[in-house]
Amino acid sequence: MEDDKINKEDHRPWACIRLNSAIVFSPEEAMLKHEITNTCVKLQRPASRCFELLLQRQGTLVSQKELIAYGWGEERSRYLTPNAFYQSIHHLRQSLAQVELTDIIYTVSRQGIGIIIELNIAYESHQESIPPGKKLVARLHKSVFVITTISFIFSLLSIFFIMRTGLFHKESLFEKYQAIDNSPCRIYVSPGEHIDKRIPDLLKKAKLNCTDRDTIFITRPKYSERTSLIHCTAYTQRNHQCKSVIVIEKIL
């Protein structure tokens with residue numbers, strides 16, 4: 001719980017700290033990485049905080065009391081033993097050695113601990129810490145998300161507009177369809193079709209009733225074996241009760 005409290009109180013304007021160009025230290029992840037050898041070392045959280053404070057105070061000595069308060073928090077520091085502190089600093093030295101940072105921490109007896117002035121330290125922002133390739137991927141992902149979101153919203157608005165304005169009504173979708181005379185129900189066929197004599201056979205194959213309350217739209221794309229029949233038991237601007245049936249016929 002104390003660790004979480006310290007994390008919330010910390011404010012870092014940087015994402016990572018670069019050491020001697022090749023080593024990256026991430027305080028948030030408590031991680032050391034050598035970018036040439038690709039060696040990664042996970043630090044204990046208190047040791048990571050102590051190292052962060054030492055880097056900030058490079059060239060000066062930091063007292064044991066300050067390191068303990070920063071590394072473990074004010075509450076836990078009251079109960080921390082000197083042995084636990086020395087073990088954490090020893091762990092830090094060993095971890096640094098694994099990424100080829102040997103002897104960069106020095107101790108002055110009864111005064112404190114410091115980081116050698118020869119260590120090259122550079123603070124990097126969140127933008128700088130992201131490799132160029134990953135930046136491009138991140139931008140592409142963001143662009144795809146934005147485009148997808150806009151397309152989805154546009155589709156919803158289009159559907160709402162269509163339903164709102166009644167574009168599903170016969171006079172808009174099927175305004176060019178031709179009405180078939182002398183049929184027991186309202187039958188409309190796609191433009192250019194002359195299937196008056198075949199309608200009874202199509203209705204029979206589709207197993208559709210044709211009463212005075214029904215409306216049927218018949219569509220057959222050119223050179224297609226499939227004939228689409230949309231059968232509506234109710235068809236008004238506000239009420240559509242329709243089903244679609246496909247009849248397959250061989251082209252002669």
Taking r as the C-beta separation of residue 244 and residue 125 and R0 as 41 Å, the FRET efficiency to the nearest 0.05 is 0.10
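For residue 93 and residue 146, what is the calculated FRET efficiency with R₀ set at 51 Å and r taken between the beta-carbons, to the nearest 0.05?
Values: r = 48 Å, r/R0 = 0.94.
Here the calculated transfer efficiency is 0.60.
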Tell me, what is the FRET efficiency for residue 56 and residue 21 to the nearest 0.05, using R0 = 25 angstrom and their Cβ-Cβ distance as r? 0.85
Obtain the nm distance between the two label points defined at residue 117 and residue 179 by a simple spin-label model: each point lies 7 Å from its Cα along the Cα-to-C-beta direction. 10.0 nm
Virtual spin-label span in nm between residue 38 and residue 79, 7 Å along Cα→Cβ: 4.3 nm
Packing-ranked peptide list from 68-78, 46-56, 199-209, highest mean Cβ count within 10 angstrom first, is 46-56, 68-78, 199-209
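How charged is the neighbourhood of residue 206? Take every other residue with its Cβ under 14 Å from the Cβ of residue 206, and add Lys/Arg as +1 and Asp/Glu as -1.
On the way: positive: 198, 204, 205, 207, 220, 226, 243; negative: 201, 214, 249.
The answer is +4.
Where a number appears in this text, it was derived from the coordinates with a stated rule and is not lab data. Owing to the predicted nature of the structure, the values given are computational and were not obtained by experimental measurement. Here the Cβ is made from the backbone with ideal geometry for all residues, glycine too, and neighbour counts use every protein chain on show.
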